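Everything below concerns the one structure shown next.
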Amino acid sequence: MSIRARFLAAVAAAALVLGGCDQLGMPGKSPFQGIDVTGSALGGELRLTDQDGKPRSLADFKGKVVVVSFGFTHCPDVCPTTLADLAAARRQLAGDASQVQVLFVTVDPKRDTTELLKQYVPAFDPTFIGLRGDEAATERVKKDFHVFSEERAGKPGEAYTVDHSAQMYVVDRAGRMRLLWNPGTLPAVMASDLRILLNS
């Protein structure tokens with residue numbers, strides 16, 4: 001099976017899983033505009049190292065609403081766009097912005113060193129934190145969050161790229177997985193969903 005075929009199969013499988021999660025609540029009763037995955041098996045402890053070399057886990061951010069995004073610093077399109085949208089959403093929250101933490105998990109730890117993450121991630125918002133792990137830790141987190149990624153060779157003379165799923169995950173103040181946003185979700189939609197979680 002080709003890389004692209006495996007990527008599409010993984011995305012389809014994730015859609016099936018999340019389609020089942022959509023039935024966890026009463027149809028039409030969710031106050032969120034994103035996909036309500038409350039009660040799903042998505043997520044995990046997220047034990048990785050931050051851009052300053054400090055061990056981190058989701059437990060460190062209890063009391064805040066956490067948004068987890070996956071990508072890599074050499075990504076030409078969806079990753080920077082997503083981080084820019086998250087920064088815009090956070091600005092819309094004004095005084096409540098300090099209660100939201102964005103985490104960017106690299107799926108390319110071979111190239112994304114802590115030094116590179118420290119330059120790249122806070123450039124979108126100084127409060128954003130980049131996370132990385134060794135190969136085993138990265139694979140464990142990808143499995144917990146149902147994230148697909150795979151290297152794809154570039155053209156001769158060009159660096160490889162990484163195909164990856166790009167959904168964002170939203171965890172509430174108590175550390176429970178609550179929402180999934182697809183790439184391209186508007187900052188106003190994100191801000192609306194975040195306000196609900198911050199006030200609940």
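Points to keep in mind about this one:
- Helix-only arithmetic for the chain: the sum of -39500 (n - 2.57) across DSSP H runs with n ≥ 4, divided by the residue total, places the mean residue ellipticity at 222 nm at -10000 deg cm²/dmol.
- Computing Rg and Dmax of the Cα atoms in Å directly from the structure and comparing it against (1) 18.7, 56; (2) 20.2, 68; (3) 16.3, 53 singles out (3).
- Long hydrophobic helices in the chain: the complete DSSP H runs spanning 20 Å or more by Cα along their own axis with mean Kyte-Doolittle hydropathy of at least -1.0 are 3-21, 78-92.
- For Phe145, nonlocal amide neighbours, meaning residues 5 or more places apart or on other chains whose placed amide H falls under 5 Å from its own, are Gly43.
- Proximal lysines relative to Lys54, as straight alpha-carbon distance under 27 Å, when same-chain residues fewer than 8 apart are discounted: Lys62, Lys64, Lys110, Lys118, Lys142, Lys143
Taken together, the values in this text are just the output of simple stated rules run on the coordinates, not laboratory data. All of these numbers come straight from a predicted model, not from anything done at the bench.
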